[in-house]
1. So, counting K/R as plus one and D/E as minus one, what does the shell of residues with Cβ under 13 Å around ALA63 add up to?
2. Residue-wise, which Karplus ³J(HN,Hα) couplings in Hz belong to the stretch 64-74, taking 6.51 cos²θ - 1.76 cosθ + 1.60, θ = phi - 60°, and x for glycine or proline?
3. Give, as a single signed number, the net charge of other residues whose beta carbon lies under 12 Å from the beta carbon of GLU10, with Lys and Arg counted +1 and Asp and Glu -1.
4. State to the nearest 20 debye the size of the charge dipole of the chain about its Cα centre, where the only charges are +1 on K and R beta carbons and -1 on D and E beta carbons.
5. Hey, can you grab everything whose amide H is under 5 Å from the amide H of VAL32? Only 5+ residues off in sequence or another chain; H modelled, so Pro and N-termini drop out.
6. Report the accessible area of GLU10, computed with a 1.4 Å probe over the heavy atoms of all protein chains in place, in Å² rounded to the nearest 10.
Amino acid sequence: MGFQRVAKKEDLWSGEMVGLEVNGERVLLVNVDNRIYAYADICPHQKSRLSEGTLTDTILRCARHHWEFDVCSGFGVNPRNCCLKVFPIRVEGEDILVDMDDVSSLGASGDGDKEQ
C-alpha cells in the first residue's frame, strides 16, 4: 500500500498528538515544533494506548505506568532500554501521509521534515 493520507496538517497543531486507526492499526501522530512523527499507538510495556498519555515538550508519557519516550527519536527516556515502533511519514502540501507497510522499532520517523 505504501504511503497513505491519514490527516491534514491543520488537524495536528504543534505540541499536539492524536491517535488514529489506519487499516485496522492504531497510529499515533505527534507534532513537535511543526515536525510530525508517527508511531504505533501502543506502549511497549503493557500495550496501552500512548494517545491516552501526555505530551510535555518532546516527552511522551504513557498514562498507565508512566513510561516516557522522546518523540523526536522514539527511544525510551524512562526506562532507556525500550523504543517505539515508528512509521515513516511524508508531508505533501497539507496532507500527512504514513507508510503503513514500513514499520521499524528504532529511531525517528523517516523523512517527516520534508516540505514542513
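1. Cβ neighbours under 13 Å give a net charge of +1.
2. Working through the residues one at a time gives 6, 10, 6, 5, 10, 9, 7, 6, 7, 10, x Hz.
3. Neighbourhood net charge equals -2.
4. Charge dipole of the chain: 500 debye, to the nearest 20.
5. GLY15, TYR37
6. Roll a 1.4 Å probe over it and GLU10 shows about 120 Å².
The values are calculated or read from the model by the stated rules, or taken from the named source; none is laboratory data. Nothing here was measured: the structure is a model prediction, and the numbers come from that model. Don't worry about glycine lacking a Cβ; one is built from the backbone with ideal geometry, like all the others, and counts go over all protein chains shown. The accessibility values were calculated without ligands, DNA or RNA, using every heavy atom of the protein model including side chains. Shrake-Rupley method; radii C 1.70, N 1.55, O 1.52, S 1.80 Å.
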